[in-house]
C-alpha cells in the first residue's frame, strides 16, 4: 500500500510558477518539479479546501494553473476535530494570525493520519515545529506525520536539471 501524502499550498505554487530569478526559489522549483515528475505516483495524494482557497488567490492565470494541478488530488474534508486541533497548534507553535492556515494543514494530516505533509513552508512547518508537534502528539496519543520537502525525496542532479 502506498503511503499517504498531503500537498500544502507551496507545492502547487512552486510547480506552476514561472522560473524565478531568486536562486533559492528556482532550486525549490526544480526540486518540486522533479518530485512531481518522478515521485508523486509513489504516494496517495491528498489536499484540503485550505490549499484550494490559498491557491485561488493572486494573479488569475497563476491561480488557474494551481487549481488545474489540484484537480486530480483527493480532497480531504475538514472536520471539527481538525479545527480544534489546529487551534491547539496555533497556540503551541505561536503561529501568527495571518498564517493560521498552516496549523490547519498540519491538523488535517494528524486527524486523517496522513503519512507526509509536503511543504516548502519551513517557517511554521519546519524542524522546530516538528519537534514540538512530535512531543505534543506523542504525549496526547496523536498520530505524528512527517513534515518534509520535495528535497528529501529526490536526488539533486547537476546542471541538466530543468524546470
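Coordinate-derived values only; no laboratory data. This is a predicted model, so every value here is computed, not measured. With ideal geometry, Cβ positions are generated from the backbone for all residues, glycine too; neighbour counts draw on all protein chains shown.
Would you mind finding the one in 112, 59 that is more than 20 Å from residue 154 (Cα to Cα) and out of contact with any helix residue (DSSP H, G or I) (no Cβ under 9 Å at 6 or more places or on another chain)? Spell out the reasoning first.
Numbers: 112 fails: out of contact with any helix residue (DSSP H, G or I) (no Cβ under 9 Å at 6 or more places or on another chain).
Among 112, 59, only 59 is more than 20 Å from residue 154 (Cα to Cα) and out of contact with any helix residue (DSSP H, G or I) (no Cβ under 9 Å at 6 or more places or on another chain).
Is it true that residue 73 is touching a strand residue (DSSP E or B) at 6+ places or on another chain (Cβ under 9 Å) and surrounded by 18 or more Cβ atoms within 10 Å (Cβ to Cβ)?
Numbers: touching a strand residue (DSSP E or B) at 6+ places or on another chain (Cβ under 9 Å): yes; surrounded by 18 or more Cβ atoms within 10 Å (Cβ to Cβ): yes.
So residue 73 fits the description; yes.
Comparison of 37, 87, 68, 41 shows that the only residue that is out of contact with any strand residue (DSSP E or B) (no Cβ under 6 Å at 6 or more places or on another chain), within 23 Å of residue 134 (Cβ to Cβ) and part of a helix (DSSP H, G or I) is 87.
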